[in-house]
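Each remark here refers to the structure printed beneath this line.
The values are calculated or read from the model by the stated rules, or taken from the named source; none is laboratory data. Keep in mind the model is a prediction, meaning the values are calculated, not measured. Glycine gets a Cβ as well: all are built from the backbone with ideal geometry, and neighbour counts include every protein chain shown.
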Amino acid sequence: MMEYKQKGELFSFDLLRCLRTDYFHNDCQECLQICPENAFFFDRKRLSVDFDKCINCSVCLGVCPSEALSLDFFDPNAYVLKNSNHLSCKKDIPCLSAFSIEHFISMALRSDKLFVDLSHCEGCSLNPENKTLASIEARIEEAKRFLEESGSGKIIEQKPYEPQRRGFFKALYSAAKDVANEPLKDATNTIERLPVKTTLLKNSIKAKIQDITNKQIATDYSFLTAKEINDSCTNCGDCVQFCPTNALFFSQDGAAIWFVAGRCIDCNICNDICKPEAISDKEQIDLITYAFDRGEELIHHTLEICSECKTPFAYKGGEMICERCKSFIDDFSDIFKLASDME
């Protein structure tokens, strides 16, 4: 029997939340690329963790788009709710790499100014060849770009943190205890597998929506997108079936496909799986639509009953036959005859 949750002493990996489990052809390798101990590996094409190598450092947490990775003693989502405005590995977090772009934006929106201490990254064992620092800096730069483009007026600055006299691990575990008792009242309204960090970001935007001067922003962010579907769509439903967060879904009668940008984690599985390449990304997104989970009908089909298989299909004119039956007939025309031809 396949185990869908791998757990070490303090670190857990939930395969059912991993994009590699959702879609065989997904090529996400964020955790493999950033792990300083090379603890991630593929076992029969399935992502796994070598817990003998894992040191529970938290470096991989912030890069996982679907929150498949977690630590028992540190929850970055809960930390956001502490409204701390100075992040440092010498304060009460294991590593700044535990935070995603969404976390950095949320914390900046919830404070007057967010300070980050990267002064301890050089020479750190968790930063081989500076790849961890480069990743953190890239996330912070993307967060700063979002804050600037949206006109939020919020700023992220680098500033060293002066640690107090108490030991680091004492501070870390004390903070973890406080976080565990803090209610996630504005972050529990998840839609099945929607990452909590996405809900936190939307809540943060909603709280500051009056202060955001530019609500139409580009979608060239790693966590943000808007979709559109053209007329080549066959209504096959693959995009709906494989969407990990139900951002794409059918209308009640099955004739239309809807999209909620606030549920999308920009995994691009739908773009990749669509055989007629009917799905594409829009260049802009409305932050009100995103933050308040407003749905949009991307395409509406006229459904008819196929004359061959007697199932509903997206009718685009011509014969009353679905693409599947038509393709079968075209491919095997030399051995296949319609029932009417045999009379």
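Within the range 74-91, residues that are part of a helix (DSSP H, G or I) sit with their Cβ atoms under 7 Å from residues that are acidic (Asp, Glu), at 6+ positions apart or across chains, in these pairs: Ala78/Glu182.
Of the residues Cys264, Cys270, Cys236, which single one is surrounded by 18 or more Cβ atoms within 10 Å (Cβ to Cβ), at pLDDT below 95 and either under 30 Å from Tyr315 (Cβ atoms) or touching a Gly at 6+ places or on another chain (Cβ under 8 Å) (or both)? None of the others qualify; the one that does is Cys236.
Residues considered: Gln33, Gln29. Of these, the only one that is within 19 Å of Ser222 (Cβ to Cβ), in the same structural domain as Tyr161 (by TED's automatic domain parsing) and in contact with a Ser or Thr (Cβ under 9 Å, 6 or more places away or on another chain) is Gln33. Pairs are defined by a Cβ separation below 6 Å, a sequence spacing of at least 6 or placement on different chains, a first member in the range 277-297 that is among the small types (Gly, Ala, Ser), and a second member that is not in a strand (DSSP E or B); the pairs so defined are Ala278/Asn230; Ala278/Ser232; Ala278/Cys233; Ala291/Lys202; Ala291/Ile205; Ala291/Lys206. For the structure I just gave you, tell me whether Phe292 is under 26 Å from Ile101 (Cβ atoms) and among the aromatic types (Phe, Trp, Tyr). The answer is yes for Phe292. In the range 217-317, counting only strands (runs of 3 or more DSSP E) that sit wholly within it, the ones holding 2 or more residues that are hydrophobic (A, V, I, L, M, F, W, C) span 248-250, 256-260, 295-300, 302-305, 312-315.
One residue stands out in the range 224-252 among those that are out of contact with any Lys or Arg (no Cβ under 8 Å at 6 or more places or on another chain) and without any contact (Cβ under 8 Å) to a residue 24 or more places away in the chain: the one that is farthest from Leu16 (Cα to Cα), namely Gln252. Among the criteria (1) of a type in the set (A, V, I, L, M); (2) out of contact with any strand residue (DSSP E or B) (no Cβ under 8 Å at 6 or more places or on another chain); (3) in contact (Cβ under 8 Å) with a residue 40 or more places away in the chain; (4) surrounded by fewer than 20 Cβ atoms within 10 Å (Cβ to Cβ), the one Leu10 does not fulfil is (2).
The single residue among Ala108, Ala98 that is surrounded by 19 or more Cβ atoms within 10 Å (Cβ to Cβ), small (Gly, Ala, Ser), in contact with a Pro (Cβ under 7 Å, 6 or more places away or on another chain) and at pLDDT 95 or above turns out to be Ala98. Selection of the range 38-48 for residues being out of contact with any strand residue (DSSP E or B) (no Cβ under 7 Å at 6 or more places or on another chain) and either touching a residue at least 40 places away in the same chain (Cβ under 8 Å) or not in a strand (DSSP E or B) (or both) yields Asn38, Arg44, Lys45.
On the stretch given as the range 21-37, residues that are among the charged types (D, E, K, R), modelled with pLDDT under 90 and either buried (at least 18 other Cβ atoms within 10 Å of the Cβ) or assigned to a helix (DSSP H, G or I) (or both) total 1. Among the listed residues Ser84, Ser97, Ser111, which satisfies the condition of being of a type in the set (Ser, Thr, Tyr) and within 19 Å of the chain's Cα centre (by Cα)? On inspection, the qualifying residue turns out to be Ser97.
Any residue at all in the range 292-304 that is among the hydrophobic types (A, V, I, L, M, F, W, C), surrounded by fewer than 17 Cβ atoms within 10 Å (Cβ to Cβ), closer than 22 Å to Cys243 by Cα and out of contact with any strand residue (DSSP E or B) (no Cβ under 9 Å at 6 or more places or on another chain)? Before you say what the answer is, go through the steps one by one.
Here is the first cut: in the range 292-304, the residues among the hydrophobic types (A, V, I, L, M, F, W, C) are 292, 298-299, 303.
Then drop every residue that is not surrounded by fewer than 17 Cβ atoms within 10 Å (Cβ to Cβ), which leaves 292, 303.
Right, trim to closer than 22 Å to Cys243 by Cα and you get 292.
Retained after the next criterion (residues that are out of contact with any strand residue (DSSP E or B) (no Cβ under 9 Å at 6 or more places or on another chain)): 292.
Scanning the range 292-304 turns up at least one residue that is among the hydrophobic types (A, V, I, L, M, F, W, C), surrounded by fewer than 17 Cβ atoms within 10 Å (Cβ to Cβ), closer than 22 Å to Cys243 by Cα and out of contact with any strand residue (DSSP E or B) (no Cβ under 9 Å at 6 or more places or on another chain).
If you check Lys159 against the conditions, is it modelled with pLDDT under 50 and over 25 Å from the mean Cα position of the chain (by Cα)? For Lys159, the condition - modelled with pLDDT under 50 and over 25 Å from the mean Cα position of the chain (by Cα) - is not met.
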